1. To the nearest 10 degrees, how steep is helix 182-196 against the longest Cα principal axis of the chain, on a 0 to 90 scale?
2. Of the accessible area of the chain, with the probe set at 1.4 angstrom, what percent is carbon plus sulfur?
3. Out of Trp137, Leu187, Ile28, whose Cα points farthest toward the positive end of the dipole of the chain (charges: +1 Lys, Arg; -1 Asp, Glu; placed on Cβ)?
4. For the Cα atoms of the chain, what angle does the longest principal axis make with the long axis of helix 74-96, in degrees from 0 to 90, nearest 10?
5. Give me the angle, in degrees from 0 to 90, between the Cα long axis of helix 104-115 and the longest principal axis of the Cα atoms of the chain, rounded to the nearest 10.
6. Taking only DSSP H segments of four or more residues, each worth -39500 (n - 2.57), what value at 222 nm results for the chain once the sum is divided by all its residues, to the nearest 500 deg cm²/dmol?
7. Name the residue farthest towards the positive end of the dipole of the chain from the options Gly38, Val109, Ile222, assuming +1 on Cβ of Lys and Arg, -1 on Cβ of Asp and Glu, about the Cα centre.
8. Heavy-atom accessible area per residue, the chain, 1.4 Å probe: how many Å²?
Amino acid sequence: MKDLPTALRPREKLLAMGANALADAELIALLLRTGTQGQSVLQLAQTLLEHSGGLQGLLVCEPNELPRLKGLGPAKRAEIAAVLELARRSLRGQIEQRPLLSCIAQVKVYVRMQLAQRPHEVFAVLFLDAQHQLLKWEEMFRGTLTHTSVYPREVVKQALACNASALVLVHNHPSGRPEPSLTDQHLTQQLQAALALVDVRVLDHLVVAATEVVSFAERGLI
């Protein structure tokens, strides 16, 4: 970056104009700090974004899923993973501060960051209190590429253990298609019936794919 005019160097640009003035690649370059022989740090940052599917793709990467690129060694991979985890925790903190349904856009980002890149299906639950604020996020069941066995009894037990008044169901589709299946709809109905017996409401069921999250409530399926 020393070859760039001072005003165009990411660090100096950030200090002079604020972080919002930097492009995604410039922000990533600040984390990476150095490039490789024949490749500047800005070029390495841009390559990382391209191989990750852009900033949104990078944000949902697990540490072992970061692209294997020349110049992206263990230390840099660890730093990026740490920043991504900080982003997840910050987002969760924001979600915990107000009723979940009032920040559904943030909730969708959060669940994508948690599940979008998983190679297998995961069924998770957001347990909520009487004011619909987050009590707990829990990944309850894991399955294969196309199927997860979900046991309503275990969801009911955990809801009682958390003293939850409501919850939001979440699962991912590793295939990349977020459209709810008939099986998804049938499972939701089963869970609604089981949880109603202990006076716990199912507020929504979110289906997570790589680039989109589909809400049952928004589709009128709940």
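The values are calculated or read from the model by the stated rules, or taken from the named source; none is laboratory data. Computed from a prediction, not measured in an experiment: that's the story for all the values here. Here the Cβ is made from the backbone with ideal geometry for all residues, glycine too, and neighbour counts use every protein chain on show. Just so you know, the surface numbers come from the protein's heavy atoms only, side chains and all, with ligands and any DNA or RNA stripped out. Shrake-Rupley method; radii C 1.70, N 1.55, O 1.52, S 1.80 Å.
1. Once rounded, the angle reads 60 degrees.
2. Working: 6200 of 11690 Å².
Carbon with sulfur: 53 percent of the solvent-accessible area.
3. Value computed over the given set: Ile28.
4. 40
5. Once rounded, one gets 80 degrees.
6. On the way: 9 runs with 100 residues, N = 222.
Theoretical 222 nm ellipticity from helices: -13500 deg cm²/dmol.
7. Projecting each Cα onto the dipole axis, the largest value belongs to Gly38.
8. Values: 11690 Å² over 222 residues.
So the chain comes to 53 Å² accessible per residue, rounded to a whole number.
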